[in-house]
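Read the figures in this text as sums done on the coordinates, not as results from a lab. This structure is a prediction, so every number in the text was calculated from the model and none was measured. Cβ coordinates were reconstructed from backbone atoms using ideal geometry, including for glycine residues, and neighbour counts include every protein chain displayed.
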Amino acid sequence: MLKKIKMLFLDTSLFRLSYMMFLFFWMVMYVEKAAYFVIYGLFVWGLALSVYSVFVKHTYKKMFFGLWLVAFLLSFSVTILVNINKDFNTVAYNIFMLLNCCVCFFMFYGIHTEKNVPFRWEFYLMARMFVYLATLFTLIGFLLLFFTSGKFDSYMYYQGGVFKGFYTNPNYQGYVSAISIIFCHMLTKQNFIAESGQKRVSRIWLASCVILNSIALLLCDSTASLLLIVAYVVIIIVMKLFSMIDDLNFRKVFTRVAMLLVAGAVMVTLMLFLRTAFRIGVVSLFSENSGLSQEATDKLTSSTVFNPKTDTGVTSRLFLWKAGLQIFLQNPIFGIGKGNLHNSIVEVTGRVNFHKDLEGLIQISAADLHNGLYTILVTAGLVGFILFVIFIIRYLSMVCPVWLVQRRIMTHSVYPCLLAFIFAYFVYSMVEKTILFDATFLVMSFWLIMGYTACYAIGFGYTRRGRFKLLGRNLQKKLI
């Protein structure tokens, strides 16, 4: 009995599947509070697995470029110490973010260090599960929209021209729609299906998922999610074109990238136009009168990209980025810590009503600069930012050459899709709460894909032999 319990406890695949599923349900109406409590129980499990992984399995000795991640954790620990204050909530949240980073690094990215882990089976199951869930909840959102006139109990499914479906936030609807469409593309890859050892997902499910979530993506008013899906499509096309070329040179690369950047800009403009048309059409459908007033039409079409809320500035990127610069200049070396970000924004801007409708840890966690790398720069400082960027550069130096060398034989592989998602996610992270300092589905899905991609790269033959000495210890070169 104890042996079975131990096996379940040490089953990292079970942890990742459970954690991601409940992070998904945390975004869903009516069940978000229940999922919230389960998530923290699972988080403790993940933290215990991380400790076991580091101190028993010595994961840090096997992780590609793990030295930079460990250095980042040490740097952020210094950030926490130099920013300790009397506010318990801010200190507690900084410590929580440090522990969350450990789970991201060792349990999600660190999947490639696990011996004989069935990552192909796990990834296929994960993708299939979220395609089913996204299709189901988007369908429910549309049904409730049409049969309840956009409102049911205290929840609004469509308000002010913004569709949020069965989720608590329209940005969640947007991200789920975008990533489910991307997963649908991955699930069409023949090698992915064959290597997983699982059944092919029905084409009816895939088509339903793409159609429903494409419509939801246009209605949910999440420009960042539109950027994510457009960037993914453009990058996939770029990779497809490069896979047809035997000899790559600077001229060929520059010409095709330039052409596709223009095509991407055209696609974004077209999708923004379609989104505006969809918003006007659906709002007209649910308006009491047969049409919309000029004032209502102007309100719907005035914010092509972002719509700053003048009362709190929650979605005003320019306001947040300007505040972030002021905060960074005051604490450039080790930053201020994520837990101190809300108070610092209020301090440098004088906006005492910033997130005034929230309180406690929820208010602290909501504060973000809506740019993943910029948030790391301001909250972890220049030291933490440099360490993290070095890790990202070294990681890309591993996964990209694998595709470049074998690009002509990867037509039916899921690997190009994984690379495209990572690059598209960086585009998405420029205007959204992403990458690291947030314990949400949006962040964890990124580290999950990073881990799976590393597994595939190693499976395709990537290795880094040799050793180096650090502080008198003989370590493997793959750590750097």
Open item on the list: As a quick test, which of the pairs 61/240; 6/61; 62/189; 57/86; 62/86 have an alpha carbon distance above 32 angstrom in this structure?
Closed with: 61/240; 57/86; 62/86
Task: Estimated inter-spin distance, residue 240 and residue 140, nm [label 7 Å along Cα→Cβ] - done: 3.4
Open item on the list: At 0.36 nm per residue, and after removing the present C-alpha to C-alpha distance, how many nm does the segment from residue 31 to residue 198 gain when stretched out fully?
Closed with: 57.2 nm
Open item on the list: For a protection proxy built on the mean count of beta-carbon atoms within 10 angstrom, sort 127-138, 225-236 highest first, please.
Closed with: 225-236, 127-138
TODO: Within the range 40-92, list the trypsin sites (Lys or Arg not before Pro) lying in a DSSP loop whose Cβ has at most 14 other Cβ atoms in a 10 Å radius.
DONE: 86
TODO: Calculate the spin-label point distance for residue 84 paired with residue 40, positioning each point 7 Å from the Cα along the beta-carbon direction, and give it in nanometres.
DONE: 2.3
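By how many nm would the segment from residue 117 to residue 215 grow when fully extended, if each residue of separation counts as 0.36 nm and the alpha-carbon distance is taken off?
Value of the extension gain: 31.6 nm.
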Task: Contour minus Cα-Cα distance for residue 362 and residue 95 (0.36 nm per residue) - done: 94.6 nm
Open item on the list: What is the sum of charges, Lys and Arg at +1 and Asp and Glu at -1, for the other residues whose Cβ falls under 12 Å from the Cβ of residue 459?
Closed with: 0
Task: Phi-based couplings in Hz for the range 170-175 (Karplus 6.51, -1.76, 1.60; Gly and Pro marked x) - done: x, 5, 5, 4, x, 5
TODO: Describe numerically, in nm with one decimal, the distance between label points set 7 Å from Cα along Cα→Cβ at residue 325 and at residue 262.
DONE: 3.2
- [ ] Go through the range 410-421 residue by residue and turn each phi into a ³J(HN,Hα) via Karplus (6.51, -1.76, 1.60, θ = phi - 60°); whole Hz please, and just put x for glycine and proline.
- [x] 9, 4, 9, 8, 7, 4, x, 5, 5, 4, 4, 5
Task: Long-range HN-HN contacts of residue 163 with modeled amide H, under 5 Å - done: 220, 221
- [ ] Give the residues of the range 366-404 whose amide nitrogen is closer than 11 Å to a point set 7 Å from the Cα of residue 460 in the direction of its Cβ.
- [x] 398-404
- [ ] Calculate one ³J(HN,Hα) per residue across the range 183-197 by plugging θ = phi - 60° into the Karplus curve 6.51 cos²θ - 1.76 cosθ + 1.60, and present them in order as whole Hz with x for glycine and proline.
- [x] 4, 4, 5, 4, 6, 8, 6, 4, 5, 4, 5, 5, 6, 6, x
Task: Amide hydrogen neighbours beyond the local backbone of residue 200, cut-off 5 Å, H modeled - done: none
Task: Rg followed by Dmax, in Å, when the range 1-145 is reduced to its Cα trace - done: 17.8, 52
Open item on the list: Under 5 Å between amide hydrogens, which residues at least 5 positions from residue 188 or on another chain qualify, with H placed 1.01 Å from N in the peptide plane?
Closed with: none
Open item on the list: So for each of 372-382, 256-266, 8-18, 426-436 I average, over its residues, the number of other beta carbons within 10 Å; can you give me the resulting order with the highest mean first?
Closed with: 372-382, 426-436, 8-18, 256-266
Open item on the list: Below 10 angstrom from the Cβ of residue 12, what's the summed charge of the other residues (Lys, Arg +1; Asp, Glu -1)?
Closed with: -2
Task: Separation of alpha-carbon centers, the range 376-434 and the range 123-141, rounded to whole Å - done: 25
Task: Formal net charge of residues neighbouring residue 364 (Cβ-Cβ distance under 11 Å; K, R +1; D, E -1) - done: -2
Task: Distance between the range 58-102 and the range 169-229 - C-alpha centres, whole angstrom - done: 33
TODO: Assuming R0 = 41 Å, can you tell me the calculated FRET efficiency for the pair residue 393 and residue 2, based on Cβ-Cβ distance, to the nearest 0.05?
DONE: 0.35
